[in-house]
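The values are calculated or read from the model by the stated rules, or taken from the named source; none is laboratory data. This is a predicted model, so every value here is computed, not measured. Glycine gets a Cβ as well: all are built from the backbone with ideal geometry, and neighbour counts include every protein chain shown.
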């Protein structure tokens, strides 16, 4: 006999992480190129002394620190094993089998996987000019819609929705439908028209904001993210659906250390440097003849369509690993100035105007 597995697994897309290739420059996973600060590493070392004990299942110290940072009650905060884990918990909390989970496409590639594992139906609404078509998303909400993801800035395009269009969308969504504003790249935003999702929580009881320590804070390997929910019942549901002890004691301590005022200022200085590099890289690419949408994240998007895989392979031959999405485009993470120079040199060789 063959063991019985769920039929959905045969058609479910697999999550494809950015590859690491020995000797190559990895610009495929939207990681920061910089190690955690020395002060954070010191906390990690101290926390490692206690790994014979289970971590605090509720991440209470980190929860309280985040509540203080954003000026909201602690019962509105949930900590998770990266924001992608919180996405999974959120679907599990609100959607039964055959309920609908809506998101733009192309957007974060984990969304369809999460929906399929939970048994929910995916409703994918095509991007318009690389940006969420929020009016169309609002029009496609039905009585079966339970959750809408809005990734802002969007992964993998780096594009954003602005305040007016987001507010119009939130007002159009029924109050019993949860809207998850996925702000994994919030720290890299410089466009003043992009709202801080936290500022919208008081007006929209069905809103939850998702953030992470993986990107700007440089803790991708430790897996720690958090949700800020307008309704404390949503935060409580996220805690109910969490795998016990999902956030390690080391991750909790590293995140707490990263929130200390001096450390956070240093980390955000690094973010500012990456934002400056993002601008330089995009301007150089535009001058070479590439079509690069404006980005508010720590990466840029090449809308290459059917040419994506061949284009990406040519960079790999030059020792550069980028993230290819077959049939759509390629995403290239902003690295150190030296890594970016190497990438731009290769881009110049392969430029459409060359």
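Assorted remarks:
- Taken over the range 70-98, residues that are in a loop (DSSP other than H, G, I, E, B), surrounded by fewer than 23 Cβ atoms within 10 Å (Cβ to Cβ) and in contact (Cβ under 8 Å) with a residue 60 or more places away in the chain amount to 3.
- Positions within the range 260-285 being closer than 13 Å to residue 36 by Cα and under 19 Å from the mean Cα position of the chain (by Cα), in sequence order: 267, 268, 270, 271
- Of the residues in the range 52-63, none is modelled with pLDDT under 95 and in contact with a helix residue (DSSP H, G or I) (Cβ under 6 Å, 6 or more places away or on another chain).
- Count of the range 1-47 residues, restricted to those that are in a loop (DSSP other than H, G, I, E, B) and loosely packed, with under 11 Cβ neighbours inside 10 Å, is 14.
- Filter pass, residue 264 being at pLDDT 95 or above, surrounded by fewer than 23 Cβ atoms within 10 Å (Cβ to Cβ) and either in contact with a helix residue (DSSP H, G or I) (Cβ under 8 Å, 6 or more places away or on another chain) or within 20 Å of residue 188 (Cβ to Cβ) (or both): no
- Residue count for the range 175-189 under the criterion of being part of a loop (DSSP other than H, G, I, E, B) and either without any contact (Cβ under 8 Å) to a residue 60 or more places away in the chain or assigned by TED's automatic domain parsing to the domain that holds residue 277 (or both): the result is 4.
- Filtered residue count, the range 190-219, keeping only those that are surrounded by fewer than 19 Cβ atoms within 10 Å (Cβ to Cβ), more than 20 Å from residue 229 (Cα to Cα) and touching a residue at least 40 places away in the same chain (Cβ under 8 Å): 2
- Across the range 143-154, a minimum of one residue is classified as in the same structural domain as residue 199 (by TED's automatic domain parsing) and without any contact (Cβ under 8 Å) to a residue 12 or more places away in the chain.
- When residues in the range 115-131 are screened for being over 20 Å from residue 157 (Cα atoms) and either buried (at least 18 other Cβ atoms within 10 Å of the Cβ) or within 15 Å of the chain's Cα centre (by Cα) (or both), 4 of them pass.
- Only listed residue being over 30 Å from residue 119 (Cβ atoms), modelled with pLDDT under 95 and under 23 Å from the mean Cα position of the chain (by Cα), chosen from 66, 37: 37
- Hits in the range 161-174 - residues which are out of contact with any strand residue (DSSP E or B) (no Cβ under 7 Å at 6 or more places or on another chain), farther than 12 Å from residue 141 by Cα and in a loop (DSSP other than H, G, I, E, B): 162
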